[in-house]
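Below is one structure, written out as structure tokens; comments come after it.
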2 protein chains.
Amino acid sequence: MSASPTRAFKDAAYAHLAEVAKALASPARLEIVELLAQAPRTVEVLAGEIHQSVANTSQHLQQLKRAQLVRGEREGLHVRYRLAGPEVARLVVQLQAVGAAHHAALDALTRGFFDDPAGLEPLDRDTLAARLEAGDVTLIDVRPAHEFAAGHLPGAISAPLSALEEQLHLLPRDRTVVAYCRGPFCTLSAEAARRLRALGFDARRTDVSVHSLQAAAVGA
Amino acid sequence: MSASPTRAFKDAAYAHLAEVAKALASPARLEIVELLAQAPRTVEVLAGEIHQSVANTSQHLQQLKRAQLVRGEREGLHVRYRLAGPEVARLVVQLQAVGAAHHAALDALTRGFFDDPAGLEPLDRDTLAARLEAGDVTLIDVRPAHEFAAGHLPGAISAPLSALEEQLHLLPRDRTVVAYCRGPFCTLSAEAARRLRALGFDARRTDVSVHSLQAAAVGA
DNA sequence: CAAGTAGTCAATCGAGTGCTTGAATAGAGC
DNA sequence: GCTCTATTCAAGCACTCGATTGACTACTTG
């Protein structure tokens, strides 16, 4: 099959990489990886969040494990899965970047969903950084509390969407409030901005997330 | 199927991303993308380089095109394909990073191939940058000349492996010569270092490549 | 317009994938 | 040891994918 030793090496190397890519080549698994990037979870919880059967979710996790993208540890009755490393999260962010840059359909889709009546363009990374620097905005993390606890953007306040109304007293009415969540395809921040605007706040959302920032910081 | 509108949105978004990942989930296509990241090429040339039939190569290119990863333009008799954008190259670099970080088998494989008798550890990015800064090393690009012409590392000298012996007069015998090529799975630089060492040079290789540097520079 | 070349398309086959269902396993608590 | 629960395994079905072959299209050149 392979004439030279260098071809044999290349074949093997690319075959391995293809295994990794294949593990990500499924909507269900991508969603699992994105969730695990926020915080570790058990199989049962994951299954509920991605609306799949437990057995099916378990199979997907096995595939991700085979590709070395996640690992699971027994914790009492449960098995808790987590990403194998931060590079995995960066890979997904890069994948989203490619999708956003080139996939016209996807782009139209996100616009269609996010740019509704009250919708405003999301704040990009540089603008957000500048306004944070200037003390001009308050940054809120609208993910569930346990995801905030597992890691969050510096300076952010936890205000889970499910309990948003109870946190209103923490939010300034004279400054812009910027909501962030898991990434460009997470709808929590859009919903939060919508609700806050209805309540009279100057609210925006941003695509920036914990891992998109870390991905960008690698080369700094 | 999808109960809420946000689920419908997520399903669609992840389905699109999965399409992109699926396009990369094949050794042949990964190799094509890596080659196109160096310089544009025609179908026939690509087919020769990856040792596949022209028809098969064409089909793979169609799939990559559908996923918006490459695009092709007619040029006289030929169709020349190129990457759709720089993010695509970054994605592959990130994929290699994940593979290198987690795939024990792959890692062992690369060591097995590169760390042969005369082999030395490749120079990592920071060390290379420091020694370049100090004017301590001469950097040579051992890829074919047309890939050098399409873009190369700053300060590098073109010394294609196929004509290495004719370029010896350009290389210093009193300083280290560092060879680079396409990326971590490209064997050209290893071969170059081997030959130069046999000729009495202080030769090393590095994994650093045009796109791995650019990928790291994004967040700077 | 005829001939020749680069590239694509279409049909086929075997192999692999995703999801379902029902059974099996591993550990916790009694 | 027995029982309960979270997770995994195994078998099955419909569907998709990768490579091959041979025919087809599009463009250039004469």
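Would you list the P(r) distribution for chain B, with all Cα-Cα distances sorted into 10 Å bins from 0 and each bin expressed as a whole %?
The calculated distribution, bin by bin, is 7, 29, 32, 20, 8, 2, 1, 0.
Got a sec? Charge dipole of chain B, +1 on Cβ for Lys and Arg, -1 for Asp and Glu; which of B:101, B:210, B:52 is way out at the positive end?
Farthest towards the positive end: B:52.
For residue B:56, which inter-copy label distances result when the label point lies 7 Å beyond Cα on the Cα-to-Cβ vector, reported in nm to one decimal and in ascending order?
Computed spacing set for this position: 3.4 nm.
If the reach is capped at under 22 angstrom between alpha carbons, list the lysines near residue A:65, excluding any in the same chain fewer than eight residues apart.
The qualifying lysines are A:22, B:22.
So if I place +1 on the C-beta of Lys and Arg and -1 on the C-beta of Asp and Glu, and nothing else carries charge, what would the dipole magnitude of the protein assembly as shown be about its Cα centre? I want it in debye, nearest 20.
It works out to roughly 660 debye.
Report, as an integer, the average count of C-beta atoms from other chains found within 10 Å of each Cβ along B:89-95.
Numbers: counts 1, 4, 9, 4, 2, 12, 9.
Shielding by partners across B:89-95 averages 6.
Could you tell me the extents of region B:112-217's C-alpha atoms along the three principal axes, largest first, rounded to whole Å?
Computed over region B:112-217, the largest-to-smallest principal extents equal 35, 29, 28 Å.
Size of the dipole of region A:112-210 about the Cα centre, Lys and Arg at +1 and Asp and Glu at -1 on the beta carbon, nothing else charged, in debye to 20?
120
Run the accessible area of region B:112-217 with a 1.4 Å probe and give the carbon-and-sulfur part as a rounded percent. Kindly include the intermediate steps, with their values, before the conclusion.
Working: 2620 of 4770 Å².
Ligands and nucleic acids excluded, carbon and sulfur reach 55 percent.
Calculate, axis by axis, the spread of Cα positions in region A:120-166 along the three principal axes, and write the results as whole Å, longest axis first.
28, 23, 16
Step through the residues of region A:204-212 one at a time and calculate ³J(HN,Hα) from phi using the Karplus curve (6.51 cos²θ - 1.76 cosθ + 1.60, θ = phi - 60°), rounding each to whole Hz and writing x for Gly and Pro.
For region A:204-212, the Karplus curve yields 10, 10, 9, 7, 4, 9, 3, 7, 5 Hz.
Ignoring ligands, DNA and RNA, please state the percent of accessible area on region B:21-92 from carbon and sulfur, probe 1.4 Å.
For region B:21-92, the apolar C and S fraction of the accessible surface comes to 49 percent.
With an 8 Å Cα cut-off and a minimum separation of 6 or more residues, compute the relative contact order for region A:112-210 in percent.
Rounded, it is 33 percent for region A:112-210.
Label position 7 Å from Cα toward Cβ: report the copy-to-copy distances for residue B:127 in nm, one decimal, ordered from shortest.
4.4
If amide hydrogens are placed 1.01 Å from N in the peptide plane, which non-local residues have theirs closer than 5 Å to the one on residue A:179?
Result for residue A:179 returns A:140, A:204, A:205, A:206.
Any idea of the total accessible area buried by the B-A contact, 1.4 Å probe, rounded to 100 Å²? If you can, show how the numbers build up before the last one.
Numbers: alone 12250 and 12270 Å², together 19500 Å².
That pair of chains buries around 5000 Å² in total.
Using a 1.4 angstrom probe, figure out how much accessible area region A:112-210 has per residue, in square angstrom, rounded to the nearest whole. Walk me through the intermediate numbers first.
Values: 4450 Å² over 99 residues.
On a per-residue basis, region A:112-210 sits at 45 Å².
Compute the whole-percent fraction of alpha carbon pairs in the protein assembly as shown spaced more than 32 Å apart.
Tail of P(r) above 32 Å: 44 percent of Cα pairs.
May I ask which residue of B:140, B:188, B:161 lies farthest towards the positive end of the charge dipole of region B:112-217, with charges of +1 (Lys, Arg) and -1 (Asp, Glu) on Cβ and the Cα centre as origin?
Value computed over the given set: B:161.
Ordered shortest first, which distances in nm separate the 7 Å Cα→C-beta label point of residue B:163 from those of the other copies?
Spelled out, the distances from residue B:163's label point are 7.0 nm.
Based solely on C-alpha atoms, express the radius of gyration and the Dmax of region B:5-84 in angstrom.
Answer for region B:5-84, Rg first and Dmax second: 14.3, 48 Å.
Counting only other chains, what is the mean number of Cβ atoms within 10 angstrom of the Cβ of each residue in peptide B:24-33?
On the way: counts 9, 10, 7, 11, 3, 3, 8, 6, 1, 0.
Across B:24-33, the average partner-chain Cβ count within 10 Å equals 6.
The values are calculated or read from the model by the stated rules, or taken from the named source; none is laboratory data. Everything numeric here is computed off the predicted structure, so don't read it as measured data. For neighbour counting, all protein chains shown are included, and Cβ atoms are generated from backbone atoms with ideal geometry for every residue, glycine included. The accessibility values were calculated without ligands, DNA or RNA, using every heavy atom of the protein model including side chains. Shrake-Rupley method; radii C 1.70, N 1.55, O 1.52, S 1.80 Å.
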